[in-house]
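The values are calculated or read from the model by the stated rules, or taken from the named source; none is laboratory data. Computed from a predicted structure; not experimentally measured. Reconstructed Cβ throughout: ideal geometry from the backbone, glycine too, with neighbour counts over all protein chains shown.
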Amino acid sequence: MQQIITEHRAAQPDLMTRFIEIYQQLDRDNLALLAQIYHPLIRFEDPAHRIEGLPALERYFAQLYAEILSCRFEIHQQMSDDDQAFVQWTMHFAHPRLAQGRMRTVAGITRLTFADGLIISHRDYFDLGEMLYEAVPLLGSAVRFVKARLGQ
């Protein structure tokens with residue numbers, strides 16, 4: 001048993017390196033790279049979605065990248081141990097229906113857990129209001145007003 005754990009510890013930094021590399025180059029033309037890092041039974045969650053299984057995740061990303069003008073992840077920091085990791089990031093993206101297609105940024109953190117040398121759980125934490133609602137003309141003004149009032 002100790003040998004398996006030692007191999008897992010040695011392989012896990014390589015998985016994190018590959019995760020970061022893939023997310024920094026991911027686009028609509030290379031979504032097959034997801035199979036290199038995600039377990040077939042992956043569970044992906046963010047404030048708006050819950051996706052089960054690699055085929056469903058690949059379909060989600062295909063739809064996302066078909067609609068988005070551009071998307072780039074800037075990785076700031078990562079921390080990991082034997083069976084989980086946290087990644088701090090900023091996503092820079094442009095969507096034709098948000099903020100008239102102008103580039104936007106959203107900060108977030110991802111928690112990953114591992115099984116069989118792959119990522120089996122991916123949970124993103126970010127402000128959905130910042131990402132979506134603040135970019136909608138009338139709604140955005142209201143959301144920014146409420147956030148400003150809460151900060152006083």
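Among what's in region 101-118 and is within 19 Å of residue 16 (Cβ to Cβ) and among the charged types (D, E, K, R), pick the residue that is modelled with the highest pLDDT.
Going residue by residue through region 101-118, those that are within 19 Å of residue 16 (Cβ to Cβ) are 108-118.
Retained after the next criterion (residues that are among the charged types (D, E, K, R)): 111, 116.
Working: 111: 98, 116: 94.
Only one residue fits best here, namely 111.
Here is a list: 44, 61. Which entry is hydrophobic (A, V, I, L, M, F, W, C), in a strand (DSSP E or B) and in contact (Cβ under 8 Å) with a residue 12 or more places away in the chain? Before you say what the answer is, go through the steps one by one.
Values: 61 fails: in a strand (DSSP E or B).
The unique qualifying residue is 44.
Can you confirm whether region 80-100 contains a residue that is closer than 15 Å to residue 19 by Cβ, modelled with pLDDT of 95 or more and exposed (fewer than 13 other Cβ atoms within 10 Å of the Cβ)?
no
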